[in-house]
Amino acid sequence: LEKGLSATSEKTRWVALHNLSLCYAWLEEPEKAAESYQKYTAEISETLDEMRKWDLLLKGELPKAERKGLVIGMKDQKKYQNYNEINSFVHTYPVAAKRYEKLFYTINRDLKKFVDYYAHNDILCQLFELDYPYQFFPLNDFEGSPKALEGVITREGMEPINYKVKFDSKRRIKELTADQVSLLDDGSKEKVITRDLEPAYHDETGRYLLISTPKADGFLNATKPATDINYTYDPLNAKTRGRASDITRKFESNETVQLKVDLDGVIYFTGSSQFGKANAVFKDVLTSNGIEMKRITTKTNFTTKAVINDKGVLTNWQWQGDVKTDFGALFSTRVQRISADDMLREINFQEVDAHGNPLKVDYNFRMKGKVAVEQKLNIKQWFVESYAQGRAPRGDMSEDSFDFEADQVWDCNFNYDSEGNWTEMQVGPYSAKRTFKY
């Protein structure tokens, strides 16, 4: 546009300057946007002067000498309207985008998809016992035009997590499934298998609506809307509340999160979840004491504080809340409980690569809680001998309570394909591979 200005006629030059002002504003270049708008002002100065006189005339303030021959045609009115409509945007948006750059990393996206994807990622990480905020659903779109993706996540002492992603012709995720089959100490198998998680899009606009979970009997989840009718009274709440509803086959798994963002771009997710599985620490404590958990229900209430970079990677992530697991033990009908009144998982990047992924990570874990079961436990001995996160943690333990913390530094590495998507990941104890089909 800028190079072609000299070739435009007087009748169309104002249109080019109008578009150039908008383009620089969208590109978040405030100086060039303001400069183009100033040239735009000079280009239509006669129209602006006529409109100024017309405004005074309507107010009865225009001198009689200037009223003669004053006529405002529809073309001039339209030209003036176009000029005024972009004034505020051109002068405020690029300035705000520069000043609050980190904030715009979050809000310059489809917020509804962002919070729904986060809710699904968070509960999937809890179900699969991952202490790293792994993105099954990417918070930024994949590079290139993938048609399918197969991934596997591994950790020493853990059975692999397999997942598959299918894409539609518009590069959007059409379906995601994930599963893990673990062999328990008694020889039985524990299966975590998701339903088909299917993002739904509006037929006409293509806008993301929600993630549908078709039931095992073939019927769609009743929460999937057939139209774009807003089914909530609060549009802001609808955009910033994320849900993962009944995403696993063998037991119910749900999570709800509410998004808030401050002016520095720090993200806050306040939420709760419920699912039919115990977390790894709880399970190992009880198993090491000979308690086999049955009829499990875990409930969490939490706040997540995070910072996201322009690549869509959470560079600082802190999950903090309470976790309660109710269960029945073998040969017991009484509901028993193990709970953490304060559980903290925290990731902070020390270094990142060119794609925004970590090269080195600080990891912190803290848990304080209690146990209410029918038999005595030797929790201290378990923590000393069986702590799977690395070296034995610091803290105090008794027969019915625990309070400990652990911190580590994780080395990380990512390999990428020619499109720019990572294909191999190593983050501390976690390894992952992704195979794309383009």
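Bear in mind these aren't lab numbers, they're just calculated from the coordinates by the rules spelled out. Predicted model, so just to flag it, every value in this text is computed and none were measured. All Cβ positions, even for glycine, are placed from backbone atoms using ideal geometry, and neighbour counts span all protein chains on display.
Please order HIS355, HIS120 by the number of other Cβ within 10 Å, starting at the fewest.
HIS355, HIS120
What are the residues whose amide H is under 5 Å from the amide H of SER253, where those residues sit 5 or more places off or on another chain and H is modelled from the backbone?
Here ASP246, ILE247, THR248 satisfy the definition.
Would you mind getting me the FRET efficiency between GLU35 and ASP203? Use the beta-carbon distance for r and R0 = 51 Å, nearest 0.05.
0.75
Starting from the Cα-Cα distance between LYS3 and ALA42, subtract it from 0.36 nm times their residue separation and give me the gain in nm to one decimal.
12.2 nm
What's the FRET efficiency of ARG295 with ASP110 using the Cβ-Cβ distance as r and R₀ = 41 Å, to the nearest 0.05?
After rounding, the FRET efficiency stands at 0.60.
Mind sorting VAL409, VAL152, VAL323 by how few other Cβ atoms lie within 10 Å of their own Cβ, fewest first?
Ordered by Cβ neighbours within 10 Å, fewest first: VAL409, VAL152, VAL323.
So if each residue of separation counts as 0.36 nm, and I subtract the Cα-Cα distance between THR177 and LEU27, what length gain in nm does that give?
50.3 nm
Calculate the spin-label point distance for VAL152 paired with LYS433, positioning each point 7 Å from the Cα along the beta-carbon direction, and give it in nanometres.
0.5 nm
Let me know the charge dipole size of the chain about its Cα centre in debye, to the nearest 20, where only the beta-carbon of Lys, Arg (+1) and Asp, Glu (-1) is charged.
Computed charge dipole of the chain: roughly 1200 debye.
So which trypsin sites (Lys or Arg not before Pro) in segment 1-62 are both in a DSSP loop and have at most 11 other Cβ atoms within 10 Å of their Cβ?
Passing sites in segment 1-62 are LYS3, LYS59.
In whole Å, what is the distance between the alpha-carbon centres of segment 80-102 and segment 123-158?
Result: 38 Å between the Cα centres.
Here are a few candidate values for volume of the Cα convex hull per residue in Å³: [x] 254; [y] 199; [z] 175. Which one was actually calculated from the structure I just gave you?
[y]
Between GLN81 and SER272, what is the label-point separation in nm under the 7 Å Cα-to-beta-carbon projection?
That separation, rounded to one decimal, is 5.0 nm.
Please give the helix 87-99 orientation as an angle from the longest Cα principal axis of the chain, in degrees from 0 to 90, rounded to the nearest 10.
So the helix axis and the longest Cα principal axis differ by about 40 degrees.
Multiply the residue separation of ALA238 and PHE251 by 0.36 nm, subtract the distance between their alpha-carbon atoms, and state the gained length in nm to one decimal.
Net length gain for the segment: 2.0 nm.
Based on DSSP H runs of at least 4 residues, each adding -39500 (n - 2.57), what is the mean residue ellipticity at 222 nm of the chain after dividing by all its residues, to the nearest 500 deg cm²/dmol?
Estimated from H runs of four or more residues: -8000 deg cm²/dmol.
Per residue, how big is the convex hull around the C-alpha atoms of segment 5-99? Give it to me in cubic angstrom, could you?
Each residue corresponds to 108 Å³ of Cα convex hull volume.
Projecting each Cα onto the charge dipole of the chain (Lys/Arg +1, Asp/Glu -1 at the beta carbon, about the Cα centre), which of MET425, ASN364, VAL95 comes out farthest on the positive side?
VAL95
Determine the dipole magnitude for segment 116-199: charges of +1 sit on the beta-carbon of Lys and Arg, -1 on that of Asp and Glu, nothing else is charged, the reference point is the Cα centre, and the result goes in debye to the nearest 20.
Value, rounded to 20: 520 debye.
What's the local net charge at GLY73, with K and R +1, D and E -1, over the other residues with C-beta under 13 Å away?
Here the count lands on 0.
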